[in-house]
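Just below is one structure, and these are the notes that go with it.
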């Protein structure tokens, strides 16, 4: 018996009807396998290319299935006659746009509403949109990794559906699975992802994060190396005036406003919080120079509280991949909280930052070498 790969075996697992049309059948491996497994009693192996078509005839004959499988040389659904009473159509190993075009051009062959099992190599959005246009509803989706590539399988039957934008990109059933794959890949790529700001306590992290606004972590670390050696507590910082502190942090940019915010924050910590850094969002965001991002960094990295700090890297990477589709940082934070498991929030923040700084850069993302380009909406649309 001819061997088939695990991708086609997964496709075969969704075949529940007896009369099959396998379009773009290549060497007819799928219908042969299904016939040998007694899952079908009739099949059309449609193939337009002469070479594979001849091989399919040879394979069917050698397997003793000439009475079950008809090999027809035809383009797309032209291989099907309505009299064949086809109950299920499989189309595998093509681009999503080509599969959508095949369905559109052959929609007169869908009048009996056969079930559809489709396996696009890419461009899955085209398939989902076409299914919606043709009055099909998606009943199952799956993903499989083979030879370093991620493949999707989409199963559809007669019925109405209305897909949201993210469902067109990732599917009604696949969004969570795809996110899990993205996170697993990033964790393997960056097993040591962690804060790149240097700090030894919550107070130092708070000050360093305030300084990091519009400044690199590398620059902040150079500044805080001396700053934290000379001044270790809010009380010690309050021995400085704005001009004195500005000299320390001058290279971080916006030194006057940052100095003012830091000193006022230190005053509040001393007077209101007994010189300790609060851990709740409401208290943190009342401190000068502390927004939600800074507060989330402190909550996550200093206190271990599940938090999603969305900076420019996290915003860019998550929207570019297609995990979310939001227009600003705040909406992105809340959308990610819904998409990601709560126990992954703290780690996810660092993974996205690492990837944004090293691969998914703002102006010239290195898409060709990106480990998650097979899941990335931006890359698929290039």
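For the range 243-333, the direction-averaged projected area of the alpha-carbon convex hull comes to 7.1 nm².
With contacts taken as Cα pairs under 8 Å at a separation of at least 6 residues, the range 15-103 carries a relative contact order of 36 percent.
Shown for 202, 56: other C-beta atoms within 10 Å of each C-beta, ranked fewest to most, produce the order 202, 56.
Okay, helix-only estimate at 222 nm for the chain: each DSSP H run of n ≥ 4 adds -39500 (n - 2.57), divide by all residues, round to 500 deg cm²/dmol; what do you get? Intermediate results must be reported in sequence, preceding the final value.
Numbers: 18 runs with 180 residues, N = 382.
Mean residue ellipticity, 222 nm, calculated: -14000 deg cm²/dmol.
Most tightly packed first, judged by the mean number of other beta-carbon atoms within 10 Å of their residues, the peptides 280-291, 41-52, 77-88 read 41-52, 77-88, 280-291. The packing ranking, built from the mean of other Cβ atoms within 10 Å per residue, places the peptides 17-26, 295-304 in the order 17-26, 295-304, highest first.
What the Kirkwood sum gives for the range 141-206 is a hydrodynamic radius of 15.4 Å, with every pair of different alpha carbons counted.
Report the gain in length on full extension from residue 75 to residue 236: 0.36 nm times residue separation, minus Cα-Cα distance, nm rounded to one decimal.
Numbers: separation 161, 0.36 × 161 = 57.96 nm, distance 7.90 nm.
Extending this stretch completely gives an extra 50.1 nm.
The Cα atoms of the chain cover 93, 35, 31 Å along the three principal axes, with the biggest extent listed first. Helix 96-105 and the long axis of the chain differ in direction by around 40°, with both axes built from C-alpha atoms. By how many degrees, between 0 and 90 and to the nearest 10, does the Cα long axis of helix 50-62 differ from the longest principal axis of the chain? For helix 50-62, the angle is close to 70 degrees. Roughly how many nanometres apart are two label points built 7 Å out from the Cα toward the Cβ at residue 16 and residue 331? About 3.9 nm separates the two model spin labels.
In terms of overall dimensions, the C-alpha atoms belonging to the range 6-173 reach 47, 38, 28 Å along their principal axes, ordered largest to smallest. Inter-label distance, residue 215 to residue 382: 3.5 nm, where each label sits 7 Å from its Cα along the C-beta direction.
Any read-out appearing in this document is the output of simple, stated calculations on the displayed coordinates, not a laboratory observation. Predicted model, so just to flag it, every value in this text is computed and none were measured. Cβ coordinates were reconstructed from backbone atoms using ideal geometry, including for glycine residues, and neighbour counts include every protein chain displayed.
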